[in-house]
1. Is the C-alpha gyration tensor of region 3-86 telling us rounded, prolate or oblate? Criteria: a/c under 1.5 is rounded; beyond that, a/b larger than b/c is prolate, otherwise oblate.
2. In percent, how large is the relative contact order of the chain, given Cα pairs closer than 8 Å and 6 or more residues apart?
3. Could you pull out the GluC sites (Glu not before Pro) across region 106-210 that fall in loop regions by DSSP (anything but H, G, I, E, B) with no more than 14 other Cβ atoms inside 10 Å?
4. Per DSSP H run of at least 4 residues, take -39500 (n - 2.57); add these up for the chain, divide by its residues and hand me the 222 nm value, nearest 500 deg cm²/dmol.
5. For region 31-109 and region 267-293, write down the distance between their C-alpha centroids in whole Å.
6. Please report the antiparallel percentage of DSSP beta bridges with both residues in the chain, rounded to the nearest 5.
7. Would you list PHE260, PHE9 from fewest to most Cβ contacts within 10 Å?
8. Listing TYR117, TYR3, TYR53 from the residue with the fewest other Cβ atoms within 10 Å to the one with the most, what is the order?
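All of the numbers you see were taken from the coordinates with simple rules; none came from a lab. Fair warning: this is a prediction, and the values are worked out from it, not measured in the lab. Positions of Cβ are backbone-derived with ideal geometry, glycine not excepted, and every protein chain shown enters the neighbour counts.
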Amino acid sequence: MKYDQLRAFEAIVLTGTFRQAAERLNKSQSAVSHSISQLEDELGLILFSRENYRPTLTAEGEVFFREASRVIGQMQALQATAARLRAREEAELRIAVTATLPLEHVLPALEQIGAAYPATHIRLSTEVMGGPIARLMEGNSDLTIATLDGVPVDQVEAVRLAEVTIRPVASPCFAQKLGTGVQPVSAMQSIPQIVVAGTGGPDADQSRDLLPGGRKWTVSDFMAKRQVLLSGQGWGGMPEHLVSADIESGALATLDVEGFSPRRSEIYMMRRRDAAPGPVASALWDKLSTDLR
């Protein structure tokens, strides 16, 4: 029994097909099928029923999967430990952060890590919508801080870091034209809703908190969105910390839109289970985890 066989077995269960498992593992479908055939021959068990379009676990396969998942987790932890023992400080630490996060949640920890590891270049990128998790899963960030929306939770380790409130706002003149009370969807559909383009690829644009059937303007980032809202060109949801001063000064007003009450969004820091963190990434993870206690 080999570790690669167990990983192929797990990938089929989690993705539902041999083809998708092969894509996840960056292997050919025939190689994945061969691994499972070898594993079944060695065990003397039939792990999957092939009678339907999608492979389904047999009763024996379900029991074996529970134990295999535990062993895979232990192997990944062991590999990460070995990597940390032989690792040197990273030349670069890449951190992808959702643009909705107040950076004061991470800047003190980054200051300490930067002082402790001065040879490591810290690269901090702010991303929108699916951008942070895309950077993590494609191997272009060592640590990601974002919501769990669209996250393959079986592939990442996650720790809750903060909570952010998204609040609908518009310019005071705009709000006065709408009047007081709850604004029905029908009254808002002809008014542009300002949204920020996602940075996670063609399928990562905003899908939550969109007014059904409404007009939409898309901008590149939250600073551009704030400027459009201040100019009275439309309305939209903004992270509260980015507009609290505008609301307090009266430059922006909060809106009460049907189905769009202020939303609390939980933010997590995440790292991949199958990628061993270097010493600097581990130190930052431990520091942020400690600060939460």
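1. Prolate.
2. 22
3. GLU138
4. It comes out at -13000 deg cm²/dmol, rounded to the nearest 500.
5. Distance between centres, Cα-based: 18 Å.
6. Of the beta bridges lying entirely in the chain, close to 55 percent run antiparallel.
7. By the 10 Å Cβ count, ascending, the order reads PHE260, PHE9.
8. Lowest to highest Cβ neighbour count: TYR53, TYR3, TYR117.
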